[in-house]
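Presented below is the structure to which this report refers.
The values are calculated or read from the model by the stated rules, or taken from the named source; none is laboratory data. Model, not experiment: these values are computed from the prediction. Cβ placement follows ideal geometry from the backbone for every residue including glycine, while neighbour counts extend to all protein chains displayed. Surface accessibility is based on the protein's heavy atoms, side chains included, excluding ligands, DNA and RNA. Shrake-Rupley method; radii C 1.70, N 1.55, O 1.52, S 1.80 Å.
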Amino acid sequence: MGNEKMDEIEKPIDVQEWTKGITHYTNNSPDLIIKHVERDKKGAVFLYLDNMINHQEFSMLLLNLDQMKVLKYEELEPLILTKKISYSSELLQTVDAINTGAVCLLMENETKCMLISLSKLVERPLSASENESMIFGPSITFSESISTNIALLRKNITDRNLCTEKFLVGERNSTEVRIVYIKDIANEDNIATMKQRIQDLKIDDPIDSNVLAQLLDDNSLSLFPQALTTELPDRVCYMLGKGKIAIFVDRSPSVIIAPSSFLNFFETTDDVYTRWNIGSFLRIVRFIAMMLSLLLTPAYVAALTYHYEIIPSPLLLSLGQSRASVPFPPVLEALILEFILELLRESGARLPTKVGQTMGIVGGIVIGQAAVDAGFTSNILIIIIALSALGTFTAPSYMMGAVIRIVRFPLIILAGLWGGIGLIFGLLYIIIHLLKLTSFGTPYLVPIYPFRFSDWKDSLFRVPPQYAGKRPETNRPIDIIRYSRTNAKQRKDIDE
């Protein structure tokens with residue numbers, strides 16, 4: 001019985017039937033090329049999609065084939081030096097390979113087909129980042145090719161403990177996903193959690209890393225992003241060195257970094273490239289700008305609606321004169337201006353770069369001045385709205401900046417309904433939500449909660465290099481020591 005099964009498995013494939021099957025499963029595509037070859041009365045068939053392969057390399061393959069007197073896989077394989085070769089005895093697996101740019105070689109009297117990867121690379125060249133501005137350091141970004149991105153990462157990290165693990169995600173459109181981490185730094189529990197979540201995904205197509213990040217989130221209903229995405233290789237390298245894990249997705253220039261805390265969205269590698277005191281100052285400025293962006297407009301609405309007695313008399317007189325001709329209550333006035341600002345921002349983002357910049361500047365000046373002259377709003381609110389907008393621009397992460405802009409709207413409404421009490425209620429709700437939120441099992445507000453003061457030097461501010469020899473304990477790294485504090489303090493002159 002066992003011999004019968006072996007004979008059935010090793011039965012030679014029917015070239016004609018396989019050719020018909022591949023034609024059927026590629027939906028009779030006009031791009032499917034079927035090329036017949038014959039040597040010494042033995043036939044072979046090449047099948048491939050015309051627009052998916054590199055024709056120059058395929059021509060070289062045919063030249064190598066001409067050198068063979070007898071058609072055999074064993075003789076052809078040594079002649080193919082530059083591309084990956086695999087074998088398949090399953091028809092559907094062969095069709096999937098052809099769809100991704102492989103050339104299928106069917107030979108008579110063989111039990112399997114040869115799949116030669118000759119895919120044509122379609123990708124843009126490496127360029128400077130347009131979405132994440134950098135002042136210092138390399139400005140090169142990832143591309144849409146996962147192989148190029150991994151090569152770029154390996155050029156930056158030569159550590160032999162750098163590990164990459166491959167997964168295929170997508171039931172209909174299978175997409176390559178890579179988990180990347182440094183083996184003796186990243187926590188094993190975090191790695192296992194990441195693998196499990198990716199393996200459990202049952203979707204048609206992940207599309208992009210930003211979509212995959214949402215599918216992997218702990219709380220998909222939360223407004224706050226729970227995984228950081230970046231296009232900068234040096235930022236990925238910096239985070240990997242801190243014990244985090246990176247996820248690369250084919251066809252996406254963005255890389256997911258997890259687990260991520262709330263404070264990670266306000267860090268940039270510029271803070272590391274500058275001196276520690278300047279980097280600390282810039283981080284503190286971003287946090288203050290975020291709080292002002294979140295609170296300025298709601299505080300204005302609450303003060304003018306319910307708590308005008310807290311406003312100094314000279315300022316209250318100026319506010320009264322500015323709002324004398326405004327027909328709307330403060331809450332409606334603020335909501336209308338915030339909505340107009342969002343319209344200007346969205347229209348500027350969708351227009352071509354040069355036109356979008358002009359639209360944003362000219363539109364803001366013209367509409368703002370016209371609104372004040374028409375008695376539609378007050379000068380002071382224009383200033384407050386502008387400061388709030390500037391505050392959101394300081395966030396290095398676009399996603400976090402968008403969250404701050406959206407959260408501002410309900411805070412304005414609460415301030416208009418119940419004044420300072422409504423504003424405090426809204427802030428407490430946000431804080432409670434952030435305390436409950438996690439990123440891949442890690443508390444979202446670390447190191448503030450749970451409180452870990454030793455990690456503040458890697459999040460809220462920076463410290464001199466001799467005091468930054470340990471990795472953040474938040475990420476639970478295996479190797480917590482970056483370098484010796486004693487050696488970092490040593491200073492020697494050449495004549496000593």
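Things to note:
- Taken along the Cα-to-beta-carbon direction at a fixed 7 Å, the label points for THR164 and VAL285 span 3.7 nm.
- Here the relative contact order of segment 290-443, from alpha carbon pairs under 8 Å that lie six or more residues apart, stands at 41 percent.
- Extreme residue, positive dipole direction of the chain, given options ASN109, PHE281, ASN190 (C-beta unit charges): PHE281
- Options ILE150, LEU228, SER209, ranked by Cα towards positive dipole end of segment 144-288, top entry (Cβ charges): ILE150
- Cα-based equivalent ellipsoid of the chain: semi-axis lengths in Å, sorted from largest, via gyration tensor: 57, 29, 21
- The accessible area of THR442, taken with all protein chains in place and a 1.4 Å probe, comes to roughly 20 Å².
- Pairwise alpha-carbon distances in segment 236-328 exceed 17 Å for 69% of all pairs.
- Mean Cα-pair separation over length for the chain, i.e. relative contact order, pairs under 8 Å, 6 or more apart, %: 13
- Unit charges on C-beta of K, R, D, E only; dipole of segment 31-183, Debye: 380
- Segment 2-117 gives an Rg/Rh value of 0.96, both radii derived from C-alpha positions and Rh following Kirkwood.
- Carbon/sulfur fraction of accessible area - segment 146-260, other protein chains in place, 1.4 Å, %: 44
- When all protein chains stay in place and ligands, DNA and RNA are ignored, the 1.4 Å accessible-area order of LYS436, LYS183, largest first, is LYS436, LYS183.
- Dipole in debye (nearest 20) - segment 93-215, about Cα centre, beta carbon charges: Lys, Arg +1; Asp, Glu -1: 300
- Fraction of accessible area attributable to carbon and sulfur, segment 290-443 (%, probe 1.4 Å): 77
- Given R0 = 56 Å, the distance between the Cβ atoms of THR23 and GLU342 translates into a calculated FRET efficiency of 0.60.
- Gain on full extension, evaluated as 0.36 nm per residue between TYR308 and GLN56 minus their Cα-Cα distance, stands at 83.0 nm.
- Accessible area expressed per residue, the chain, with surrounding protein chains retained (probe 1.4 Å, Å²): 54
- Computed [θ] at 222 nm, deg cm²/dmol, the chain (DSSP H ≥ 4; -39,500 (n - 2.57); rounded to nearest 500): -15000 deg cm²/dmol
- Scanning the chain for DSSP H helices at least 20 Å long along the axis (C-alpha atoms) with a Kyte-Doolittle mean no lower than 1.6 picks out 379-393, 398-436.
- With every protein chain in place, segment 2-117: carbon and sulfur % of accessible area (1.4 Å): 48
- When only the Cβ of Lys, Arg, Asp and Glu is charged (+1, +1, -1, -1), the dipole of the chain relative to its Cα centre reaches about 1580 debye.
- Per-residue accessible area (protein heavy atoms, 1.4 Å probe) orders GLU57, GLU77 as GLU77, GLU57, starting from the largest.
- TRP418 accessible area, 1.4 Å probe, all protein chains in place, Å² to nearest 10: 150
- Accessible surface of VAL326 - all protein chains present, 1.4 Å probe, nearest 10 Å²: 20
- Of LYS436/LYS470; LYS20/LYS42; LYS195/LYS244; LYS11/LYS42; LYS35/LYS72; LYS20/LYS112, pairs whose Cα-Cα distance is over 24 Å: LYS436/LYS470
- With the charge dipole of segment 359-485 set up from +1 on Lys and Arg Cβ and -1 on Asp and Glu Cβ about the Cα centre, the Cα lying farthest toward the positive end among the listed residues VAL463, LEU435, ILE481 is that of ILE481.
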